[in-house]
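Scroll down for the structure; my scribbles are underneath it.
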Amino acid sequence: MGIERRHRGLPVAVPVLALVAATGCVSTPGAPAEPSAAPSPSAARVCAEPAAGPAKPPAGAVPVDPAVVGDLAAKTRSSPPNTVFWLRPGKHRLERGRHAQVVPKKGNSYLGAPGAVLDGRKTNQYAFGGSARDVTIRHLTVQGFVAPHDEGVVNHDSADGWVIEHARIQYNSGAGLMAGARQRVRASCLRGNGQYGMNAYKASGGISGLVVEDNEIADNNRDDWERRRPGCGCTGGVKFWAVDGADIRGNWVHDNRGAGLWADTNNNDFRIEDNVLEANDGAALIYETSYNAVVRKNTIRRNNWVEGRRYADRGDSFPFATVYLSEAGGEPRIPARTDKIEISRNVLENNWSGITLWENSDRFCNSPANTSTGSCTLLVKDTDRCTRPEIAEPPLYSDCRWKTQRVDIHDNRFVLDTSVVECTVKCDRMALLANYGTYPDWSPYQGDRVAEAITRKQHNRWHDNVYLGPWSFVAHDPSRVLDPGQWQAAPYQQDVGSTFRPLGGG
């Protein structure tokens, strides 16, 4: 599961570069850049200055004593559903068994007093698990748990309706947090976790109505899983799997090893807006084998320096980008708040390359080259239907492919100063391309069919953008590198109404 990920490295520590606020003050085409704001105040303070919890227990709350090992789990077992627990200041510990986690009951709330910490002592795998719905965790630091690869510490079993607010989930192995349907993660610090800050995955599927807002998501994938398991596609700040409906807004996503945000395999109906995505080793955003999204009013800066540079140094000609759409596009037949992927009113500044729209001709439902193992498109679902001879004819010829289509990229500002990025080649790319189809031998997508489709027939369009600095464009396949004039001319006719200026040219 995941795109062909072949790169990893140490995070780059960089200062914030002022440009345009993530709150949407994006200049109209041709206008000069305006001063930038830092990340939203709530997100910027989360890890360093978390909001304090109640200093006294709310009326009716059950106090939990940090001096009594296992007190939280024991009182949870002995109390009815809908109980409020107040964790006193201090370091709370569970029993020493690996599976001695807290198992909430429906509607339970866990409130941390100032200085309340639940510490796994590198012994317990999980902090909170079980299937109970509508659990709330507020003002609590959760750290030191050792969840296995692909598993999470808080909401380990991806139960529905959980609310995580003003929490610090940090320095755990695996994912700090899992997600279920209708989960709300607000004003929390997800940092320094071994694999993900959050893994929005549920084995039974059915994650919908996910909200992730005003969080700081930083320095995750400390265990460098892509190096330990090359090609796993299993790293980053947040990973989303088969989520139908998500609002990702107002977050500060920075300094993660790998991608900042990565939606992988049959996600749909995302709104990603008003975020600051910066200094992630890899792409700021990957939207892969997924559908229907709005990406707007984000500030995206200094991403992909580690991974992009590594591939350029190897001589790889592929345009590894900071916003990377891989077999992802708009699909009107799948219900969502939009029927396309719209990328608008963002500022992308001093990243390693810009936006790449890519489609792997050999990756489709039932192909051995499909790295989303066992998954089919949302239009077909039954993998066995995508086989010869039926796949060569409508409607399966179209519906068995995840298509990069109906992508509308407009009113963005792309700024590149190569002296800041410290690059001379291959860091200046926008791209719209596919590979030459070869595999498997029964594939109906061999040759340049998909490259022709993504470039000319699938309604992918750049227009009314502003470019400052040197930019080049890749179209159809990796060998075609174009200057702005060629990109705007026939047969591509991209970036109608856009302006191109040297850096410092206004």
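Just a few scattered comments:
- Accessible surface of Ile164 - all protein chains present, 1.4 Å probe, nearest 10 Å²: 0 Å²
- Distant-in-sequence amide H partners of Arg222 (H built 1.01 Å from N, under 5 Å): Asn193, Gly194, Gln195
- Accessible area of Leu140 in the full protein assembly, 1.4 Å probe (Å², nearest 10): 0 Å²
- Helical runs (DSSP H, four residues minimum) scored at -39500 (n - 2.57) apiece and divided by the length of the chain put the mean residue ellipticity at 222 nm at -2000 deg cm²/dmol.
- Å² per residue, accessible surface of the range 209-347 at 1.4 Å: 25 Å²
- Over the chain, relative contact order from alpha-carbon pairs under 8 Å, at least 6 apart, %: 11 percent
- Segment Asp150-Ser131, extension gain: residue separation times 0.36 nm, minus the distance between their alpha carbons: 5.0 nm
- In order through the range 330-335: 3J(HN,Hα) via Karplus (6.51 cos²θ - 1.76 cosθ + 1.60), integer Hz, x for Gly, Pro: x, 9, x, 7, 9, x
- Distance from the range 402-455 to the range 185-258 (C-alpha centre basis), Å: 25 Å
- Using θ = phi - 60° in the Karplus curve 6.51 cos²θ - 1.76 cosθ + 1.60, the 3J(HN,Hα) couplings for the range 125-130 round to 7, 10, 9, 10, x, x Hz; x is entered for Gly and Pro.
- Three-way shape label, the range 53-224, alpha-carbon gyration tensor, a/c 1.5: rounded
- Heavy-atom accessible area per residue - the range 39-198, 1.4 Å, Å²: 36 Å²
- Multiplying the residue separation of Asp223 and Thr387 by 0.36 nm and removing their Cα-Cα distance gives an extension gain of 55.1 nm.
- Full-stretch length increase - Arg480, Lys56 - with 0.36 nm per residue and alpha-carbon distance subtracted: 146.1 nm
- Alpha-carbon centroids, the range 49-98 and the range 333-378: separation in whole Å: 43 Å
- Accessible area of Asp274 in the full protein assembly, 1.4 Å probe (Å², nearest 10): 50 Å²
- For the range 258-505, the share of accessible area belonging to carbon and sulfur comes to 48 percent (1.4 Å probe, ligands and nucleic acids excluded).
- R0 of 25 Å, Cβ-Cβ distance Asp65-Arg121: FRET efficiency to nearest 0.05: 0.90
- In this calculation the C-beta distance from Glu422 to Ser79 is compared with R0 = 41 Å, giving a FRET efficiency of 0.10.
- Pairs of lysines in the chain (C-alpha under 20 Å apart; 8 or more residues apart or interchain): 15
- Estimated FRET transfer efficiency when R0 is 35 angstrom, pair Arg461-Tyr436 (beta carbons, to 0.05): 0.90
- Derived scalar couplings ³J(HN,Hα) [the range 155-171; Karplus, 6.51 cos²θ - 1.76 cosθ + 1.60; whole Hz; x for Gly, Pro]: 6, 3, 9, 6, 5, 8, x, 6, 10, 10, 9, 6, 9, 10, 10, 8, 6
- Amide H to amide H, with H built 1.01 Å from N, Tyr110 comes under 5 Å of Phe85, Thr136, Ile137, Arg138, counting only residues 5 or more places away or on other chains.
The values are calculated or read from the model by the stated rules, or taken from the named source; none is laboratory data. Model, not experiment: these values are computed from the prediction. Cβ sites come from the backbone with ideal geometry, for glycine too, and all protein chains shown count toward neighbours. Calculation scope for accessible area: heavy atoms of the full protein, side chains included, ligands and nucleic acids excluded. Shrake-Rupley method; radii C 1.70, N 1.55, O 1.52, S 1.80 Å.
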